[in-house]
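The values are calculated or read from the model by the stated rules, or taken from the named source; none is laboratory data. What you are looking at is a predicted structure, and each value in this text was computed from that prediction instead of being measured. Neighbour counts are summed over all protein chains in view; Cβ atoms, including those assigned to glycine, are modelled from backbone coordinates with ideal geometry.
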């Protein structure tokens, strides 16, 4: 069994992405209409040298809803008022998204319930049954 390739970091991904500046959206006064501070990050994961074939397949499956028509991942960042911080944030978002998509959870090992847990469950059922029986009609005639 071979070890999986490490998840690429934001710094490593920076060499393979392209940025496109856009105008910000939302409130911001006159500045928002004249400064292109928002950033659109585009990454073609299929031609990446940082990922092996298995990782590319997994990314394609996990991030299928995030891909554009050309099969590229696009992220927009307009949280900050300057372009450099938006570029850094877009790279962070991409690294987080890639790490989450490449995470493979451990297989669950099926175990049997212990004897104590089985007894506890049965005692709980008996107690619940008693409680429900007490909810019946009360006979006040004293029989």
Worksheet item: For residue 85, are the conditions met, namely being surrounded by fewer than 16 Cβ atoms within 10 Å (Cβ to Cβ) and modelled with pLDDT of 90 or more?
Response: yes
Practice prompt. Among the helices (runs of 4 or more DSSP H) lying completely within the range 39-143, list those that include at least 3 residues that are touching a strand residue (DSSP E or B) at 6+ places or on another chain (Cβ under 9 Å) and under 30 Å from residue 12 (Cβ atoms).
Written response: 83-102
Practice prompt. Scan the range 89-143 for residues that are loosely packed, with under 10 Cβ neighbours inside 10 Å and closer than 30 Å to residue 45 by Cβ and jot them down.
Written response: 104, 105, 106, 107, 108
Discussion item. Out of everything in the range 61-73 that is farther than 23 Å from residue 21 by Cβ and surrounded by 15 or more Cβ atoms within 10 Å (Cβ to Cβ), what residue ends up being modelled with the highest pLDDT?
Written reply: 62
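Conditions tested, residue by residue: (1) modelled with pLDDT of 90 or more; (2) within 19 Å of the chain's Cα centre (by Cα); (3) within 20 Å of residue 23 (Cβ to Cβ).
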position: 80; (1), (2), (3): no, no, yes
position: 90; (1), (2), (3): yes, yes, yes
position: 93; (1), (2), (3): yes, yes, yes
position: 105; (1), (2), (3): no, yes, no
position: 113; (1), (2), (3): yes, no, no
position: 126; (1), (2), (3): yes, no, no
